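The values are calculated or read from the model by the stated rules, or taken from the named source; none is laboratory data. None of the values given here were measured: they were computed from a predicted structure. Here the Cβ is made from the backbone with ideal geometry for all residues, glycine too, and neighbour counts use every protein chain on show.
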Amino acid sequence: MTDKPFSDKEVERRQQAIRGCLDATEAFVAFSFTASYYFSGAPIVHWGRPTITVVPQSAPVFAVTSAMEAPRLESLGHIHDVQVYTDSDGPSLPTALSRLSDALQDRGIDRIAFDASMTPYTNLALLKEMHPGLATRDGSADLNALRKVHSEEEVAQIRKAVATSDIGVNIILEQAKIGQPESDVVAMAAQAMAAFSGATYPETEMSLRCYSQQGDRTLQPHSGTGGDPLMQGNLLQIVIEASAWQYLSAVERTVALGDLPAEQDAYFETLVEAHEAALAAAQPGAPLSAPHRAANVIFTRDGFGESPVGTGLLRGVVSEWEGRIEEGNLRGYNNAPLQPGMVMSIEPYTFVPGVGATRHCDMVLITQTANECISQAPRGRLRIG
């Protein structure tokens with residue numbers, strides 16, 4: 001039997017926190033998957049059928065969802081008032097918004113805040129046609145401020161995901177061999193992760209994703225896995241991701257396949273040192289830019305110049321389905337302070353055209369006094385063969 005992702009107390013805490021950001025007659029309308037999940041406790045991916053959660057200032061929370069997803073909302077969520085629509089009622093978006101408009105007007109709600117950064121303009125335009133006089137404002141900053149700092153229950157889900165990712169990294173480091181097809185290597189990791197998560201967290205919904213690149217394909221860090229054999233003298237980049245109740249972990253490693261050419265060997269050494277410097281710089285009260293700046297000191301010292309991309313991002317704020325929030329990026333311009341409860345992926349990255357790219361990535365929790373690297377997979381100068 002599957003547990004609920006979060007306790008009643010945890011979801012009620014979130015609902016009360018957003019109420020503290022609302023005026024007396026307002027409601028927060030969560031259109032996006034991320035926000036709807038946060039306030040309902042039920043992770044329902046929309047797949048063309050919206051689920052909308054509404055937190056009024058002075059009335060019970062309610063939701064609008066499809067007949068297909070209503071059983072999941074009722075099973076995993078913490079909402080007792082659910083407005084259900086069917087595919088026979090008409091196109092899903094206008095139908096869901098019509099149900100929402102009726103529910104708002106029935107409750108006398110004519111002012112809403114909403115997650116504008118993740119809400120298509122069409123949603124708002126249609127809703128205003130149905131609810132003339134509806135006043136709206138962007139509540140994204142309020143939502144993001146809550147989501148950036150995690151509760152103990154959220155961190156517990158992230159820990160499950162990281163532990164599962166570590167299993168995938170470890171099995172590759174222990175068992176992969178030069179000459180083995182890349183596709184076989186990542187399949188081996190996925191199989192080990194599935195066995196581990198199923199045995200260790202049987203009541204948690206997990207999803208897994210593993211992919212890799214080697215040689216000059218490391219210059220395409222988001223490309224999928226190929227079928228080429230692991231080649232002596234290449235750098236291999238492995239990306240091992242697990243998600244516990246949609247809380248994503250990313251553990252990534254660059255691995256030397258046997259002896260490297262001198263240029264790649266020096267490049268790899270620089271990456272290892274830059275990664276450790278970035279990890280050390282992630283401290284409570286330091287700016288989000290601190291890990292990025294620390295890594296760039298090493299890259300610049302060794303002649304590679306500043307990395308053209310950031311050094312990671314806050315995790316567990318926005319679902320992988322919906323990208324990231326700008327204020328959560330570990331980039332040189334972001335001087336907002338790191339706070340206890342924030343979880344980030346620290347992943348310094350740089351590349352040399354014609355040589356390749358390198359990146360180690362670890363999941364890090366900011367504590368009251370320091371940081372904790374949640375990832376336990378080996379790092380440093382890793383080697384296969």
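Select from the range 315-365 the residues that are farther than 26 Å from ALA30 by Cα and of a type in the set (Val, Ile, Thr) and write down the one among them that is surrounded by the fewest Cβ atoms within 10 Å (Cβ to Cβ).
Among those that are farther than 26 Å from ALA30 by Cα and of a type in the set (Val, Ile, Thr), it is VAL352.
Out of curiosity, is PRO60 buried (at least 17 other Cβ atoms within 10 Å of the Cβ) and either of a type outside the set (Phe, Trp, Tyr) or closer than 25 Å to SER117 by Cβ (or both)? Even if it seems obvious, please write down each step before you answer.
Details: buried (at least 17 other Cβ atoms within 10 Å of the Cβ): no; either of a type outside the set (Phe, Trp, Tyr) or closer than 25 Å to SER117 by Cβ (or both): yes.
So PRO60 fails the test.
Pick from the range 125-153 the residues that are under 22 Å from SER40 (Cβ atoms) and out of contact with any helix residue (DSSP H, G or I) (no Cβ under 8 Å at 6 or more places or on another chain): which of them is surrounded by the fewest Cβ atoms within 10 Å (Cβ to Cβ)?
Selected residue: GLU152.
Restricting to the range 329-342, what's the tally of residues that are more than 25 Å from THR300 (Cβ to Cβ) and under 17 Å from the mean Cα position of the chain (by Cα)? So that I can check it myself, show each step before the final result.
Within the range 329-342, the first condition is being more than 25 Å from THR300 (Cβ to Cβ), and the residues that meet it are 339-342.
Still in the list and also under 17 Å from the mean Cα position of the chain (by Cα): 341-342.
Number satisfying all stated conditions: 2.
Quick one: ALA70 ticks every box in (1) within 21 Å of the chain's Cα centre (by Cα); (2) more than 26 Å from ARG137 (Cβ to Cβ); (3) hydrophobic (A, V, I, L, M, F, W, C) except a single one, so which number is it?
(1)
Looking at the range 345-359, can you tell me whether even one residue there is more than 19 Å from PHE268 (Cβ to Cβ) and assigned by TED's automatic domain parsing to the domain that holds LEU230?
First, the residues of the range 345-359 that are more than 19 Å from PHE268 (Cβ to Cβ): 345.
Okay, now just the ones that are also assigned by TED's automatic domain parsing to the domain that holds LEU230, so 345.
Yes, the range 345-359 contains a residue that is more than 19 Å from PHE268 (Cβ to Cβ) and assigned by TED's automatic domain parsing to the domain that holds LEU230.
From the list ALA145, ALA96, ALA113, ALA156, which residue is under 25 Å from GLN339 (Cβ atoms) and either in contact with a Ser or Thr (Cβ under 9 Å, 6 or more places away or on another chain) or not in a helix (DSSP H, G or I) (or both)? Step through it out loud before you land on a result.
Working: ALA145 fails: either in contact with a Ser or Thr (Cβ under 9 Å, 6 or more places away or on another chain) or not in a helix (DSSP H, G or I) (or both); ALA96 fails: under 25 Å from GLN339 (Cβ atoms); ALA156 fails: either in contact with a Ser or Thr (Cβ under 9 Å, 6 or more places away or on another chain) or not in a helix (DSSP H, G or I) (or both).
Only one candidate passes the filter, namely ALA113.
Could you count how many residues in the range 343-356 are at pLDDT 90 or above and over 12 Å from the mean Cα position of the chain (by Cα)? Working first, answer last.
Step one: list which residues in the range 343-356 are at pLDDT 90 or above, which gives 343-349.
Then keep just the ones that are over 12 Å from the mean Cα position of the chain (by Cα); that gives 346-349.
Of the residues in the range 343-356, 4 are at pLDDT 90 or above and over 12 Å from the mean Cα position of the chain (by Cα).
May I ask you to list the residues in the range 12-50 that are among the hydroxyl-bearing types (Ser, Thr, Tyr) and crowded, with 21+ Cβ neighbours inside 10 Å? So that I can check it myself, show each step before the final result.
So the first thing to find is which residues in the range 12-50 are among the hydroxyl-bearing types (Ser, Thr, Tyr), and the list is 25, 32, 34, 36-38, 40.
Listed by number, the residues that qualify are SER32, THR34, SER36, TYR37, TYR38, SER40.
Out of curiosity, is VAL297 assigned by TED's automatic domain parsing to the domain that holds ASN335, hydrophobic (A, V, I, L, M, F, W, C), modelled with pLDDT of 95 or more and surrounded by fewer than 20 Cβ atoms within 10 Å (Cβ to Cβ)? Give the derivation first.
Values: assigned by TED's automatic domain parsing to the domain that holds ASN335: yes; hydrophobic (A, V, I, L, M, F, W, C): yes; modelled with pLDDT of 95 or more: yes; surrounded by fewer than 20 Cβ atoms within 10 Å (Cβ to Cβ): yes.
So VAL297 fits the description; yes.
Give me the residue from the range 303-321 that is in contact with a Phe, Trp or Tyr (Cβ under 6 Å, 6 or more places away or on another chain) and more than 20 Å from THR358 (Cβ to Cβ) and, out of that set, modelled with the lowest pLDDT.
The qualifying residue modelled with the lowest pLDDT is TRP321.
Please determine, by comparing only the residues of the range 18-60 that are among the β-branched types (Val, Ile, Thr) and in contact with a Ser or Thr (Cβ under 7 Å, 6 or more places away or on another chain), which one is nearest to ASP89 (Cα to Cα). Write out each step before concluding.
Here is the first cut: in the range 18-60, the ones among the β-branched types (Val, Ile, Thr) are 18, 25, 29, 34, 44-45, 51-55.
From what is left, the residues that are in contact with a Ser or Thr (Cβ under 7 Å, 6 or more places away or on another chain) are 34, 44, 51-53.
Numbers: THR34: 26, ILE44: 20, THR51: 15, ILE52: 17, THR53: 20 Å.
Across the range 18-60, the extreme among qualifying residues is THR51.
List, please: which pairs have Cβ atoms under 6 Å, are six or more places apart or on different chains, and start with a residue in the range 5-29 that is on the phi < 0 side of the Ramachandran plot and end with one that is basic (Lys, Arg)?
Every condition considered, the pairs that remain are THR25/ARG111; GLU26/ARG111.
Suppose the filter is more than 16 Å from TYR247 (Cα to Cα), crowded, with 22+ Cβ neighbours inside 10 Å and not assigned by TED's automatic domain parsing to the domain that holds GLY323; does THR53 pass it? Spell out the reasoning first.
Values: more than 16 Å from TYR247 (Cα to Cα): yes; crowded, with 22+ Cβ neighbours inside 10 Å: yes; not assigned by TED's automatic domain parsing to the domain that holds GLY323: yes.
Considered against the rule, which asks whether it is more than 16 Å from TYR247 (Cα to Cα), crowded, with 22+ Cβ neighbours inside 10 Å and not assigned by TED's automatic domain parsing to the domain that holds GLY323, THR53 comes out as yes.
Are any of the residues in the range 66-78 farther than 29 Å from THR204 by Cα and either modelled with pLDDT of 95 or more or touching a Gly at 6+ places or on another chain (Cβ under 7 Å) (or both)?
Looking through the range 66-78, none of the residues is farther than 29 Å from THR204 by Cα and either modelled with pLDDT of 95 or more or touching a Gly at 6+ places or on another chain (Cβ under 7 Å) (or both).
In contact with a Gly (Cβ under 9 Å, 6 or more places away or on another chain), assigned by TED's automatic domain parsing to the domain that holds VAL239 and in contact (Cβ under 8 Å) with a residue 60 or more places away in the chain: is that true of ARG315 in this structure? Walk me through it before giving the result.
Working: in contact with a Gly (Cβ under 9 Å, 6 or more places away or on another chain): yes; assigned by TED's automatic domain parsing to the domain that holds VAL239: yes; in contact (Cβ under 8 Å) with a residue 60 or more places away in the chain: yes.
Judged against the criteria, ARG315 is a match.
Do you know which residues across the range 294-338 are closer than 22 Å to HIS222 by Cβ and among the hydroxyl-bearing types (Ser, Thr, Tyr)?
SER307, THR311, SER319
Pairs only if they're at least six apart or on different chains, beta carbon under 8 angstrom, first in the range 235-250 and at positive phi and not assigned by TED's automatic domain parsing to the domain that holds PRO353, second assigned to a strand (DSSP E or B) and surrounded by fewer than 24 Cβ atoms within 10 Å (Cβ to Cβ); list them, first residue then second.
none
THR95 is checked against (1) touching a residue at least 60 places away in the same chain (Cβ under 8 Å); (2) more than 30 Å from CYS373 (Cα to Cα); (3) of a type outside the set (A, V, I, L, M, F, W, C) and fails just one. What number does that condition carry?
Unmet condition: (1).
Restricting to the range 117-139, count the residues that are of a type in the set (S, T, N, Q) and touching a residue at least 40 places away in the same chain (Cβ under 8 Å).
Filtering the range 117-139 for residues of a type in the set (S, T, N, Q) gives 117, 119, 122-123, 136.
Checking the rest, the ones that are also touching a residue at least 40 places away in the same chain (Cβ under 8 Å) come to 117, 119, 123.
Total meeting the criteria: 3.
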